[in-house]
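Okay, so here's the structure we're looking at.
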């Protein structure tokens, strides 16, 4: 009996550990398409179907140099979290463009925390309940562990201009 409980615990832990890994894929039961879930990074966003969207939007976006220059002055003082859905057309467009803005401003994209959610805005093994996510993508900007602003779904002016307005 004890062996069965231990074996069951190992199987359950292994399954949760697999889901909690970086760039985990799940299949949407409604559309039968793959999507990222939980923590991701730029490498994960560059793979599979989402990768084609990522590369094309990243390549075509030309950020405004005046705002990039302003951002580069103090962007490193901030922590950035992106909550996205790889199934979402706004995420497919805005997230790669945001990465381009960060690169042009000299921000190390390895510092960006990226969390992919399903269509219910849940990340399964990552608790995002305190983030108040209603639409994706949501770009959350923090300084000294305190939220100072966010860009939700689409920018009001441009990603670089909206980001600068938050951090100026």
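Remarks
- Listed peptides 100-107, 143-150 by packing density, highest first (mean Cβ within 10 Å): 100-107, 143-150
- Helix-derived mean residue ellipticity, 222 nm - over the chain, DSSP H n ≥ 4, -39500 (n - 2.57), to 500: -12500 deg cm²/dmol
- Mean-position separation - Cα centroids, segment 35-80 and segment 101-168, in angstrom: 11
- With each label modelled as a point 7 angstrom along the Cα→C-beta vector, the residue 128-residue 22 pair spans 1.8 nm.
- Shape of segment 43-168, Cα gyration tensor, a/c cut at 1.5: oblate
- Rounded tilt (10° steps) of 2-20 against the dominant C-alpha axis of the chain: 20
- Stretch gain in nm, segment residue 59-residue 154, where the contour uses 0.36 nm per residue and the Cα spacing is subtracted: 32.4 nm
- Counting neighbouring Cβ atoms within 10 Å and putting the fewest first, the residues 55, 97 line up as 55, 97.
- Summarising the label geometry, the points placed 7 Å from Cα in the beta-carbon direction at residue 34 and residue 89 lie 2.4 nm from one another.
- Here the simple spin-label model places points 7 Å from the Cα toward Cβ, and for residue 143 and residue 113 these points are separated by 1.9 nm.
- Whether segment 38-115 is rounded, prolate or oblate, judged on the alpha carbon gyration tensor where a/c under 1.5 counts as rounded: oblate
Values in this text are rule-based calculations from the coordinates and carry no lab data. Note that the coordinates shown come from a computational prediction; the quantities given were computed from them, not determined experimentally. Backbone-built Cβ (ideal geometry, glycine too); neighbour counts: all protein chains shown.
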